[in-house]
Amino acid sequence: MYVVAVTIWVKPESLQPFIESTLENARNTRREPGNLRFDVLQAEDDPARFLLYEAYRAKDEFLKHQQTPHYLLWKQTVTDFMSQPRQGIKHRSLFFGDGNDPRV
């Protein structure tokens, strides 16, 4: 399994449109056959900081996701909402969900 955790800092005046665009992207991503999870998290101590937690069956499923119309629209839409560049960190899952084999 392939996991991507993306931290995003949003301009305070852009919070609502960022959330709306991101939730739309998340809903569409969950419909992708290779996506296992897509969480949109807002920091408790800083409402302008978000974490997107995305899990895919394999790295190539994530790469396919990055070519979808909904992802490309999201990326174009939210770029100006960010107060600094987003930081994405890729992971290999060792334990996921109920603990079944993470290689799915």
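Counting only residues that are in a helix (DSSP H, G or I) and either of a type in the set (D, E, K, R) or surrounded by 14 or more Cβ atoms within 10 Å (Cβ to Cβ) (or both), the range 71-86 holds 8 of them. Residues that are in a loop (DSSP other than H, G, I, E, B) and open to solvent by 40 Å² or more (accessible area, probe 1.4 Å) were ranked within the range 1-44; the one that is farthest from Tyr56 (Cα to Cα) is Lys11.
Among the residues of the range 1-40, those that are more than 10 Å from Phe81 (Cβ to Cβ) and β-branched (Val, Ile, Thr) comprise Val3, Val4, Val6, Thr7, Thr29, Val40. Is at least one residue of the range 35-48 farther than 19 Å from Val3 by Cα, without any contact (Cβ under 8 Å) to a residue 60 or more places away in the chain and touching a Lys or Arg at 6+ places or on another chain (Cβ under 6 Å)? For the range 35-48, residues farther than 19 Å from Val3 by Cα, without any contact (Cβ under 8 Å) to a residue 60 or more places away in the chain and touching a Lys or Arg at 6+ places or on another chain (Cβ under 6 Å): present.
When restricted to residues that are among the aliphatic types (A, V, I, L, M) and under 18 Å from Lys75 (Cβ atoms), the range 16-53 contains 6. For the range 56-70, enumerate the residues that are surrounded by fewer than 12 Cβ atoms within 10 Å (Cβ to Cβ) and in a helix (DSSP H, G or I). Once the filter is applied, which keeps residues that are surrounded by fewer than 12 Cβ atoms within 10 Å (Cβ to Cβ) and in a helix (DSSP H, G or I), the range 56-70 yields Asp60, Pro69.
The values are calculated or read from the model by the stated rules, or taken from the named source; none is laboratory data. These numbers were taken from a predicted model, which means no experiment stands behind them. Positions of Cβ are backbone-derived with ideal geometry, glycine not excepted, and every protein chain shown enters the neighbour counts. All accessible areas refer to the heavy atoms of the entire protein, side chains included, with ligands and DNA or RNA removed. Shrake-Rupley method; radii C 1.70, N 1.55, O 1.52, S 1.80 Å.
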